[in-house]
Amino acid sequence: MKHNTTAQDIHIARETAELFKSNIFKLQIDELLEQVQIKHTHILKVEKFLHKLYDMIQSVPEWQEQTLGNVEQFFKESFVSVPFVDPKPISASTKYKFNFKTPSVTLIGSFALKAGIYQPEGSSIDVLLTMPEELFDRKDFLNFRCLHKRSVYLAYLTHHLSELLKSENMDSFIKLEYSQFNDDVLLPILKLSCKKPDQGSKRNVSEYNFYKTKFSINLVIGFPYKAFDPKKLLPSKNCVRVATSDENVVLPPTPLYNFSILSNSTHEVFLKYLYKTKKQTDSFKEATILGRLWLQQRGFSPKISQSGSLGGFGTFEFSILMAVLLNGGGENANKILLHGFSSYQLFKGVIQYLATMDLCDGGNLQFHSENDSASASKYINEGFKTPTIFDKTTKINILSKMTISSYQVLKKYAQETLLMLTNVVQDQFANIFLTDVGKFDNIKYDLCYNISISKTSNSSTLSHLLGSFGAMERVKFVTIENYLAHKITTVAKFALGDRIRLIEVELVGQNHRFPINKRKPHPAGQGNLNFEFIKLKLITNGSESEKIVTKGPIFSEDPSQEAVAFKNFWGAKASLRRFKDGSITHCCIWSTSANQPVITSILDFILKSHFSDGIHISDNFTKLFHELLPLPNLPASSNTSVLNLSSFYNLKKSFDLLYKIIFKMKLPLSVRSIQPVGSAFRYTSLCQPVPFAYSDPDFFQEVVLEFETSQKWPDEIFSLEKSKTAFLLKIQEQLEAENGDRYRSFFTRDESIPYNTEIMTLQILTPEGYGFKFRVLTERDEILYLRAISNARAEVKSSLENTFLKFNAKYQASPRHTRTIENLSHTFEFYSPVVRLFKKWLDSHLLLGHLSEELVELIAMKPFVEHAPFLVPGSVENGFLKLLRFLSQWNWREDPLILDLTKSDEELSNSLDTSIGAGPGFDSKTIKKLSERLTLSQYKGIQSNFHNLRKSDPNGLTIQFFIASKNDPSGILYSSDVPLPIATRITALAKVALNLIQIHGLNKQTIDLLFTPAVKDYDYVIQLQTPTPLKSSSGILEITEFKNLASSKLPSSFPSDLSKMSELMDPTYHLVKYLNMKYKNSVIFSSHKYICLNGGPDGNKNVITALVKPMFKKDMKFRVNIDGNVAPIDAEMVKLNRDSIFHEIASFGNDMIVSFETYLN
């Protein structure tokens, strides 16, 4: 009973929250729809020209029947060419006639339905000119006959329109050109656009010049409805006959050809269908606009996707699907949508249907466009292995222009959008409608490859490709571009299997527009190929992408069809392997690399084996990003994947041995817990752990030690710290007594907690070559810190509160943070390399020293746990670029960063209200998952904390980054001491970086610039050089470096005198720390934390930069509490004492200082 009550409560809470969100969403939608409206004056302007255009079309003289020879002769004397589709008809064998009769003219598309929106780049108006039925014979659908008749019809119309425009003095601003409608080579159209009027001149100025409206007009030549038998143009039929010597050859179906003809005869049918639905449904138009925006932001369009794009699903397809669901759509023909739904409910219903119903493999949707109430649309549980929404009236599959890959991408984005729509905690409106997901491929996709045809082997490679495109392939795919896109997609999907989730092939640089004096577009590439190169874009599966084995079928004495197909596909790469379970399996073995994904090796192999050796695949920037991650000086590290965590596991094994030793010790109080909190324990340390590499700043990994409770702990902070030190001394004594030959240890004073100068930590060196720093936490610590705050004077209370925050972050919150990040690192495989690269970027720009490790790790978690509207990063560069994008757009003055640090679980979305008629029942597993996530009340509570913070600090002068989660609802645990200039610089650098990439793309120069510090932005720059190179002793190996040479420079043991360890450590860190403590009110000092990575080839160069605070950049009046090192100018005025500061730095830096540079005006 209790379980049911809990489930019911959750359901009621969700319904209440969704109702509230729906109302807010409605207000946002209303505002959005108002902003995207087309100006009424623009509509009137273009309508005026449309009326004029109609009159011109009506005045085009009719043409009597002509032979092809006569047609060619007519256009030989004209400036217009006939845009014949391939294959061009030949006069000798063409018996049918061509002519022109006045067409019927109809507006179609969004403009006709008044569902168009303002587009910054301009939009088009589709005008249908239907050819009279008398121009066709019943069998003209065969062998391109109707297409050739239409081409002549279009050319004749173009010729006379051009003449009429000239006679009306409109030829100076109206531009005529051919185009391929929706990139379909079988459907040439005439596009009319306007030239810009000349300033200060009457040229191009006319009442019919609609340039300012940014409209263009497409004249689409259509076939009359039912001019051809629809059953003979079904996708499974062949309508292009090919002569063959073998009479038994079965000709392949011609689905693209058939769809092009059939769809071109049904424009008016679907216009009436949509118009009738719009009249019945008040919010239909608004929902259509929402669908258009959603599709555009994700890169979808009505263009044919067979030639490589996310096409085949535009506003028309979205509108048809919505209309179909208003008339049924369920398995029992039940209505999915109701006519009284709001635009939000209609949009959500369509997205929900796309997300949850399989329209490809598992089923199809059938409807009647006649919209007869007796024939409701219905979902059929039978898939055709192709995306299908089938109109039984016209016999058209609405999704014929979609490939399976394009449909899978659409379905995935619908699923992600459904999660956003059902998210009752966060406002996802901007992510759904306003964010341009498809703006930058390397942020949208995990891996992007450029595939090009080698120019050195141009003839052989091209002849091989063209040779594989025979008559049968031409019949089925129409163009070699369609054929190549299909084959690359098919081969790549089979080869990569579970390694990828989604794939898109784009043919870059295709020409689909051409002058009216040309027959077809000029080829964009070499050898008559209409593209410059091919871009292969992948969404990877992080858990599978780097596996080294591609498994095939199990071996048997009698080869199965699957085994034969596997061996034929992989060729020499296929082999037999015995696995641990004893099975012998056909498989392929791949090698991993530190600077290249396994997917790259697979693609390179299959493209060369299935196409030609002249095919080249490149992803240079992926390699460049991988090489930025420091390579550990460990065996075979250069052949280790970026996802490999073995170096971290080795450190954990060493810690586990030490853990067991300490737990068994007999101490005055028993050890209750030993909690590792160092960054390496959560796989986020910039340099991977390497034995004896004690020059690494992260070498000593922190551990928090807790003893059992006791009433005898001292009641004063300093005395308590001395008691803790006594316990650590006991541990040291027993360790030396029982394991002194293996473990070594020493004490250091810890200054991480302000005002508490008595903290001591025990550093323990293990025989495996690792170091751990132990600190003690008791139950009395928190009580004493809070007591000190309550007893403090008002003027010091805030600084003591900051001290308590530091204590909380260092001792109490760090174990929770480490457990959380460690768990999420296993869920999000690419989080570890991404956060390490992010730290490298911050340190390159001298910023990492001002930020806590935990703060950086939480910021880097944003693209993984709050990834909407994108997908979870599946590569190093994708995660890093998403991180830069977020930082460049994050307005931390007004927006908190609230992270739901739970594992991403796609099953959860299916457990929620994601299907029609979902009931209130949740199983216990779902309830547990829901309880782990941030609730609405928790989210509102965190927002309240942020608003309270900004009331006292509206401009973020004191605390900039508010980063909250269930672990830290306060949001300021790790960000309370970040200087304002550092926070603003992070934002500025991210904006510059993203702008650089968007303008110049990803290449070696731009990536190098991303990691190059702009030291001239600082006021003073001090160049330093350490006496000893620290790169090798930090365990860093260069990609180009020989392993044996690097290993000889790496210490193989700890020095006998442990005090000499400091000789191989960077002294700059302590110098900068001291300078920031002394001059914190006047100057901010920065330096590289990891000199081993940013200190030149040998790791012995560093830089200290100084940023003078604005108040001290100018002369000021002297006052007693000025709190800065100043020098007098006269009796009243003082200035920053630069000489004194320089001398102090020089005295500390001594021989390390190479130069001082001043950039302060």
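The values are calculated or read from the model by the stated rules, or taken from the named source; none is laboratory data. Please read all numbers here as calculations on a predicted model, not as lab measurements. Please note: Cβ atoms are built from the backbone with ideal geometry, for glycine as well, and neighbour counts cover all protein chains shown. Note: areas computed on protein heavy atoms with side chains; ligands, DNA, RNA excluded. Shrake-Rupley method; radii C 1.70, N 1.55, O 1.52, S 1.80 Å.
Which one of these is of a type outside the set (Lys, Arg) and over 26 Å from residue 502 (Cα atoms): 349, 312, 308, 330?
Residue meeting the stated conditions: 330.
Restricting the search to region 990-1010, which residues are closer than 20 Å to residue 846 by Cα and more than 20 Å from the chain's Cα centre (by Cα)?
1008, 1009
Looking only at region 784-820, which residues are of a type in the set (D, E, K, R) and either in contact with a strand residue (DSSP E or B) (Cβ under 9 Å, 6 or more places away or on another chain) or closer than 23 Å to residue 853 by Cβ (or both)?
801, 806, 810, 816, 819
Go through 1069, 1159 for me and flag whichever is more than 30 Å from residue 694 (Cα to Cα) and either in the same structural domain as residue 837 (by TED's automatic domain parsing) or touching a strand residue (DSSP E or B) at 6+ places or on another chain (Cβ under 8 Å) (or both). Reasoning before the result, please.
On the way: 1069 fails: more than 30 Å from residue 694 (Cα to Cα).
Criteria check complete, one pass: 1159.
Which numbered condition in (1) out of contact with any Leu (no Cβ under 6 Å at 6 or more places or on another chain); (2) under 30 Å from residue 841 (Cα atoms); (3) among the aromatic types (Phe, Trp, Tyr) is the only one that residue 770 fails?
Residue 770 satisfies every listed condition except (1).
Does at least one position in region 510-532 carry a residue that is modelled with pLDDT of 90 or more, of a type in the set (Val, Ile, Thr), closer than 20 Å to residue 299 by Cα and crowded, with 17+ Cβ neighbours inside 10 Å?
no
Looking at (1) open to solvent by less than 10 Å² (accessible area, probe 1.4 Å); (2) of a type outside the set (Ser, Thr, Tyr); (3) outside any helix (DSSP H, G or I), find the lone condition where residue 410 falls short.
(3)
Restricting to region 79-101, name every residue that is of a type in the set (S, T, N, Q), surrounded by fewer than 18 Cβ atoms within 10 Å (Cβ to Cβ) and within 51 Å of the chain's Cα centre (by Cα).
none
Here's the yes/no breakdown for (1) among the aliphatic types (A, V, I, L, M); (2) assigned by TED's automatic domain parsing to the domain that holds residue 1105; (3) exposed (fewer than 15 other Cβ atoms within 10 Å of the Cβ):
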position: 982; (1), (2), (3): yes, no, no
position: 985; (1), (2), (3): no, no, no
position: 989; (1), (2), (3): yes, no, no
position: 994; (1), (2), (3): yes, no, no
position: 997; (1), (2), (3): yes, no, no
position: 1000; (1), (2), (3): no, no, yes
position: 1003; (1), (2), (3): no, no, yes
position: 1008; (1), (2), (3): no, no, yes
position: 1023; (1), (2), (3): no, yes, no
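Under 9 Å between Cβ atoms, which residue pairs at least 6 apart in sequence (or on different chains) link something in region 625-642 that is in the same structural domain as residue 1095 (by TED's automatic domain parsing) and under 20 Å from residue 880 (Cα atoms) with a partner that is open to solvent by less than 20 Å² (accessible area, probe 1.4 Å) and not in a loop (DSSP other than H, G, I, E, B)?
Every condition considered, no pair remains.
Per-residue answers, yes or no, for (1) surrounded by 11 or more Cβ atoms within 10 Å (Cβ to Cβ); (2) under 29 Å from residue 142 (Cα atoms); (3) touching an Asp or Glu at 6+ places or on another chain (Cβ under 9 Å):
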site: 26; (1), (2), (3): yes, no, no
site: 48; (1), (2), (3): yes, no, yes
site: 58; (1), (2), (3): no, no, no
site: 61; (1), (2), (3): no, yes, no
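So residue 499 passes all but one of these: (1) under 19 Å from residue 446 (Cβ atoms); (2) in contact with a Gly (Cβ under 7 Å, 6 or more places away or on another chain); (3) open to solvent by less than 30 Å² (accessible area, probe 1.4 Å). Which condition number does it fail?
Going through the list (1) under 19 Å from residue 446 (Cβ atoms); (2) in contact with a Gly (Cβ under 7 Å, 6 or more places away or on another chain); (3) open to solvent by less than 30 Å² (accessible area, probe 1.4 Å), residue 499 breaks only (2).
On the given criteria, is residue 535 within 22 Å of residue 489 (Cα to Cα), outside any helix (DSSP H, G or I) and touching a residue at least 12 places away in the same chain (Cβ under 8 Å)?
Against the criterion (within 22 Å of residue 489 (Cα to Cα), outside any helix (DSSP H, G or I) and touching a residue at least 12 places away in the same chain (Cβ under 8 Å)), residue 535 qualifies.
For region 1131-1161, how many residues meet the condition of being open to solvent by 90 Å² or more (accessible area, probe 1.4 Å), modelled with pLDDT of 85 or more and acidic (Asp, Glu)?
The qualifying residues number 2.
Condition first: of a type outside the set (Phe, Trp, Tyr) and either at pLDDT 95 or above or crowded, with 18+ Cβ neighbours inside 10 Å (or both). Now tell me which residues in region 702-713 satisfy that.
If the condition is that a residue be of a type outside the set (Phe, Trp, Tyr) and either at pLDDT 95 or above or crowded, with 18+ Cβ neighbours inside 10 Å (or both), then 702, 703, 704, 705, 706 are the ones that fit.
Which one is surrounded by the most Cβ atoms within 10 Å (Cβ to Cβ) among residues in region 543-601 that are touching a Cys at 6+ places or on another chain (Cβ under 8 Å) and of a type in the set (Ser, Thr, Tyr)?
550
Looking at region 668-772, what strands (runs of 3 or more DSSP E) fall wholly within it and have at least 3 residues that are in contact with a Lys or Arg (Cβ under 6 Å, 6 or more places away or on another chain)? Write out each step before concluding.
Values: elements: 671-676, 700-707, 744-749, 760-765.
In region 668-772, 700-707, 760-765 are the strands (runs of 3 or more DSSP E) which contain 3 or more residues that are in contact with a Lys or Arg (Cβ under 6 Å, 6 or more places away or on another chain).
Quick one: which residue in 436, 446 is buried (at least 22 other Cβ atoms within 10 Å of the Cβ), under 33 Å from the mean Cα position of the chain (by Cα) and charged (D, E, K, R)?
The match here is 446.
Could you tell me which residue of region 826-851 is nearest to residue 427 (Cα to Cα), considering only residues that are at pLDDT 95 or above and hydroxyl-bearing (Ser, Thr, Tyr)?
831
In the same structural domain as residue 367 (by TED's automatic domain parsing) and without any contact (Cβ under 8 Å) to a residue 40 or more places away in the chain: which single residue out of 284, 318, 270 fits that description?
318
What's the total number of residues in region 658-667 that are assigned to a loop (DSSP other than H, G, I, E, B) and either closer than 27 Å to residue 782 by Cα or in contact (Cβ under 8 Å) with a residue 12 or more places away in the chain (or both)?
Of the residues in region 658-667, 3 are assigned to a loop (DSSP other than H, G, I, E, B) and either closer than 27 Å to residue 782 by Cα or in contact (Cβ under 8 Å) with a residue 12 or more places away in the chain (or both).
Looking at region 602-618, is at least one residue under 29 Å from the mean Cα position of the chain (by Cα), open to solvent by less than 40 Å² (accessible area, probe 1.4 Å) and among the hydroxyl-bearing types (Ser, Thr, Tyr)?
Scanning region 602-618, I find no residue that is under 29 Å from the mean Cα position of the chain (by Cα), open to solvent by less than 40 Å² (accessible area, probe 1.4 Å) and among the hydroxyl-bearing types (Ser, Thr, Tyr), so the answer is no.
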